[in-house]
Amino acid sequence: MIKVDKIYPIDSSSKYKKVADLENDYLGKFRKYTRPETLLQEFINTGESRDYQASAIQTIILNYLLNKFSDIIKAKPKKLKGFIDLFSRNHWSIEVCDVDGTTAFGKELMYVFGYSERFRSNVDRGIWLAKQLNIKTCPYCNAQNTILTNKQFGKQIAKFQFDHFFPKSEYPYLSLSLYNLIPSCANCNITKSSKQLNLDKHYHPYFMNLADLAKFRLKYIPDPSILTINNLKKQNLEIEFINKHRDPFGIVKAHNNLYHIDGVYNRHNDVAEDLLKFAIIYTKELSDSHLKIKGLFKNTEEYYRFLLRNYPNQEDSLKRPLAKMTQDIAKQLKLIK
């Protein structure tokens, strides 16, 4: 996984170390065969695209998009918001999306940009981007896989969806923008749908690290007479998703409400129960004795990974589902530091 600001790489051999490193190569993928710029230019020259006839103001929009195509593809989230604001100021927004949804002109822009035809199902673009990002779990919920797999004859397919932080239905001209495409599980993508999110108040994986803002906490009864293997079933375990620090913009609450994080994770309280069992069985003395056995584990990290059945370090949270919850509760129970 390449760096997405504070999301760390898992493949040190990759030539890409952060998202910015692949911007130009990503842009080049759309200039290799049928280029969106070519279709934009043809649209401008003829005034037509397929059976659609552009109006005078729409031709102005097409010229702007052609001139700004590279910037739109590579623009970071705040700059993408700048394009949205410009469309609003120029009264162009109504040309691409109205009260009934994406307009005929907006749909034609979607075709010209080629999200469905040249990105979503294309190994040279969509699959290529997914492979470079190599995010193995959904960055929104961390509860489901987002992986590539091989189909018959070695063809790769993506077992996840790309979410558009700024909905493509309202902003079809941002449908291919690198920083607007986030690999996510189908549940989170469908839950979010075309909801309007605010960069200051909602989590964006490419420039925020949710692990810095929030943590999972297990509510349980620490009474030693109940906290035994035999009595564990009497515990009414509850997993909370809470602020780590003061959260003036309410990002954690908004994220929890949008993606139902509490509800999702309380369906996994069996994992929390296992962690409680481990905390009872694997005392500090027992863990220390395991670590002293020569050749059993090559380092402490490998031991903790065995103990938790997951990755113990925050930078590896997107390598396996439920890693963030496992890490937080393991720290709470003093299974790991």
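Among residues that are within 15 Å of the chain's Cα centre (by Cα) and within 26 Å of Asp85 (Cα to Cα), Leu174 is not included.
For segment 72-83, check the following and say yes or no: at least one residue is in contact with a Phe, Trp or Tyr (Cβ under 9 Å, 6 or more places away or on another chain), aromatic (Phe, Trp, Tyr), farther than 19 Å from Thr38 by Cβ and not in a helix (DSSP H, G or I). No, that holds for no residue.
Only one entry in Asn299, Asn257, Asn310 is free of Cβ contacts under 8 Å to residues at least 60 places away in the same chain and surrounded by 15 or more Cβ atoms within 10 Å (Cβ to Cβ), namely Asn310.
Going by the conditions given, is His268 within 20 Å of Gln327 (Cα to Cα), touching a residue at least 60 places away in the same chain (Cβ under 8 Å) and not polar (S, T, N, Q)? Criteria met by His268. I'm told Leu213 meets every condition in (1) more than 26 Å from Leu27 (Cβ to Cβ); (2) buried (at least 16 other Cβ atoms within 10 Å of the Cβ); (3) aliphatic (A, V, I, L, M); (4) under 13 Å from the mean Cα position of the chain (by Cα) except one. Can you identify the failing condition by its number? Result: Leu213 fails condition (4) only. Candidates are the residues of segment 151-166 that are over 30 Å from Ile84 (Cβ atoms) and out of contact with any strand residue (DSSP E or B) (no Cβ under 7 Å at 6 or more places or on another chain); the one that is modelled with the highest pLDDT is Lys155. A single member of Ser177, Ser184 is of a type in the set (Gly, Ala, Ser) and closer than 28 Å to Tyr64 by Cα, and it is Ser177. Counting the residues of segment 185-196 that are open to solvent by less than 20 Å² (accessible area, probe 1.4 Å) and over 13 Å from the mean Cα position of the chain (by Cα) gives 0. Only one entry of Ile147, Ile72, Ile127, Ile182 meets the criterion of being under 17 Å from the mean Cα position of the chain (by Cα), of a type in the set (Val, Ile, Thr) and surrounded by 20 or more Cβ atoms within 10 Å (Cβ to Cβ), and that entry is Ile182.
For Leu199, the stated conditions do not hold, so it cannot be described as aliphatic (A, V, I, L, M) and closer than 20 Å to Glu117 by Cα. Check segment 262-285 and report whether any residue there is hydroxyl-bearing (Ser, Thr, Tyr), under 18 Å from Phe216 (Cα atoms) and modelled with pLDDT of 95 or more. Yes, because at least one residue in segment 262-285 is hydroxyl-bearing (Ser, Thr, Tyr), under 18 Å from Phe216 (Cα atoms) and modelled with pLDDT of 95 or more. Collect the residues in segment 35-45 that are at pLDDT below 95 and among the β-branched types (Val, Ile, Thr), keeping them in residue-number order. Thr38 - this is the single residue of segment 35-45 that is at pLDDT below 95 and among the β-branched types (Val, Ile, Thr).
If you go through segment 1-34 and pick out every residue that is farther than 12 Å from Gln132 by Cα, at pLDDT 70 or above and open to solvent by 70 Å² or more (accessible area, probe 1.4 Å), you end up with 2. Screening Asp274 against (1) farther than 16 Å from Lys215 by Cβ; (2) open to solvent by less than 60 Å² (accessible area, probe 1.4 Å); (3) more than 27 Å from the chain's Cα centre (by Cα) leaves a single unmet condition, (2). Restricting Glu108, Glu95, Glu170 to residues that are assigned to a loop (DSSP other than H, G, I, E, B) and more than 26 Å from Lys324 (Cβ to Cβ) narrows the list to Glu170.
For every residue, the table says whether it meets (1) within 28 Å of His204 (Cα to Cα); (2) crowded, with 18+ Cβ neighbours inside 10 Å.
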| site | (1), (2) |
| --- | --- |
| Pro224 | no, no |
| Lys233 | no, no |
| Asn243 | yes, no |
| Ile261 | yes, yes |
| Tyr265 | yes, yes |
| His268 | yes, no |
| Leu286 | no, no |
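The values are calculated or read from the model by the stated rules, or taken from the named source; none is laboratory data. Note that this is a predicted model, so its numbers are computed, not measured. Backbone-built Cβ (ideal geometry, glycine too); neighbour counts: all protein chains shown. For the accessible areas, the whole protein counts, side chains as well, though only heavy atoms, and no ligand, DNA or RNA atoms are used. Shrake-Rupley method; radii C 1.70, N 1.55, O 1.52, S 1.80 Å.
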